[in-house]
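Taking it in order: structure first as structure tokens, then the write-up.
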Amino acid sequence: MAEDIKPKRKRDPALTQARILAAASNEFAEKGFDGARVEQIASLADINKQLIYHYFNNKDELFTRVLEDAYRGIRKEEAALRLDHLPADQAILQLVDFTWHYYLDHPEFIRLLNSENQQKARHLKESRNIDDINISWQGISQALIARGEREGTVKPGLDAMQLNISISALGFFYLMNCSTLSIVYQQDLLEANALDKRLAVMRDTIACWIRPV
């Protein structure tokens, strides 16, 4: 009986890199930068470990690329939002909704950011692409604030950076700390009704802050 011969996988650099990045995103999100292992990433991607070093040189470069792609993901969906037909204050609340639901749908995103904060953002500091990736974020908020001032729906003098940070923080803190907060308050803060209540609080908080005096 002839010996079964496993067919050789056709080389596809783009597909291989995509598999590596997907596996790395899962591993880094689950275990953080320090806890993640290149060997496990290779196993998850079903490739030889040396291919990771071939395409990404080292673990740090791979993590940087994962972070860049994570930011690209949220910025791409954010830029696709249809906000022009809404008054500026309502459009800003749509950004609140979007950010919250993106965090819920992509828990790996906030975990990756949390890991990078533990690294003092050293990978983002070395990134040549992160400024270009995130420039749209500031621009969307600046445009909405300016339009809101003209409409009279947003109070004058709002800082776009502070608006973006506030929207992010209201959701980020809750979700990154939900395990401990659930114990402290003796309720499941990831239960659907609790998540709906949190979004309502986020919307009210931002709405009150941006409302014209």
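The values are calculated or read from the model by the stated rules, or taken from the named source; none is laboratory data. Everything numeric here is computed off the predicted structure, so don't read it as measured data. Just so you know, the surface numbers come from the protein's heavy atoms only, side chains and all, with ligands and any DNA or RNA stripped out. Shrake-Rupley method; radii C 1.70, N 1.55, O 1.52, S 1.80 Å.
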Accessible area of the chain belonging to carbon and sulfur atoms, whole % at 1.4 Å probe: 51 percent
Paired Rg and Dmax values of the stretch 109-206, which use every Cα atom, in angstrom: 16.7, 46
Against the rule of thumb 2.2 N^0.38 Å, how large the Cα Rg of the stretch 113-152 comes out: 1.68
Over 19 Å (Cα to Cα) - which of LYS31/LYS59; LYS49/LYS125; LYS155/LYS197 fall in this group: LYS49/LYS125; LYS155/LYS197
25 °C / 0.890 mPa s Stokes-Einstein diffusion coefficient of the chain, Kirkwood radius on C-alpha pairs, µm²/s: 126 µm²/s
Residue-by-residue Karplus 3J(HN,Hα) for the stretch 163-180, coefficients 6.51, -1.76, 1.60, Hz, glycine and proline x: 5, 4, 5, 5, 4, 5, 5, 4, x, 4, 4, 4, 6, 6, 10, 5, 5, 6
Expected 222 nm ellipticity per residue - DSSP helices of 4 or more, -39500 (n - 2.57), all of the chain, to 500: -24500 deg cm²/dmol
Cα-based radius of gyration of the stretch 2-103 once divided by 2.2 N^0.38 Å, which approximates compact folds: 1.49
Cα-only radius of gyration and Dmax that characterise the stretch 160-207, units Å: 11.5, 36
Accessible area per residue in Å² at 1.4 Å probe, computed on the stretch 38-157: 55 Å²
